[in-house]
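The values are calculated or read from the model by the stated rules, or taken from the named source; none is laboratory data. Note that the structure is a prediction, hence the values are computed from the model and not measured. Cβ sites come from the backbone with ideal geometry, for glycine too, and all protein chains shown count toward neighbours.
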Amino acid sequence: MERQTPNVTLVPKTREQVLAFLDEMSVEHRAEVSPNWLARVQSMTTPDPWTLGFSVVHRGLDVVVGGCGFKGPPDQAGVVEIAYSIDPAHQGNGYATEAAQAMVAFAFRDSQVRTVIAHTLSAEHASARVLTKSNFHCVGQVIDPEDGKVWRWERCR
């Protein structure tokens, strides 16, 4: 279930890896974690990339340079949301773009998925450039129930 790009490999995370990562988070950052998502993680008995996401591993260095994932499995309308983060020491090398594109390819392998979305804090942001390079288009500002006011980006099948 790994996804390879020219520079990185997306390696599915285990429940234990995700829980260990959450335990290491600061109280402030952990407060931002979705309670619904956390409940799904805690109750999992089998690996699920729709919930647990992927480690972004540099292929040449064999080191984790970031992470990416989905907010959950496709909803009834066939929509999934992606998120990604590259460690500051590895930013600016295109790894986020490769991860975003690999996640879109993963999502579209599922016939249920019709649209992949992403949210950014502003329309002019590093993540916005990643999404533009990944053939998303900005549909405007929306209010997300968990994230508040964000810019919504979409890529349709």
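Can you tell me which residue in segment 95-139 is surrounded by the fewest Cβ atoms within 10 Å (Cβ to Cβ), limited to those that are in a strand (DSSP E or B) and in contact with a helix residue (DSSP H, G or I) (Cβ under 6 Å, 6 or more places away or on another chain)? Of everything passing the filter in segment 95-139, Thr120 is surrounded by the fewest Cβ atoms within 10 Å (Cβ to Cβ). In the condition set (1) in a helix (DSSP H, G or I); (2) crowded, with 17+ Cβ neighbours inside 10 Å; (3) touching a residue at least 40 places away in the same chain (Cβ under 8 Å), Arg155 is compliant with all but (1). Applying the criterion of at least 2 residues that are among the polar types (S, T, N, Q) and touching a residue at least 12 places away in the same chain (Cβ under 8 Å) to the strands (runs of 3 or more DSSP E) found wholly in segment 1-94 leaves an empty list. The numbered conditions (1) within 20 Å of His137 (Cβ to Cβ); (2) out of contact with any Phe, Trp or Tyr (no Cβ under 6 Å at 6 or more places or on another chain); (3) of a type in the set (Gly, Ala, Ser) are all true for Ala99 except (2). Residues that are surrounded by fewer than 19 Cβ atoms within 10 Å (Cβ to Cβ) and of a type in the set (Lys, Arg) within segment 45-94 comprise just one, Arg59.
Only one of the numbered conditions (1) surrounded by fewer than 17 Cβ atoms within 10 Å (Cβ to Cβ); (2) closer than 23 Å to Phe136 by Cβ; (3) modelled with pLDDT under 95 is violated by Ala31, and that is (2).
The set of residues in segment 59-69 being hydrophobic (A, V, I, L, M, F, W, C) and either in contact with a Lys or Arg (Cβ under 8 Å, 6 or more places away or on another chain) or modelled with pLDDT under 95 (or both) consists of Leu61 alone.
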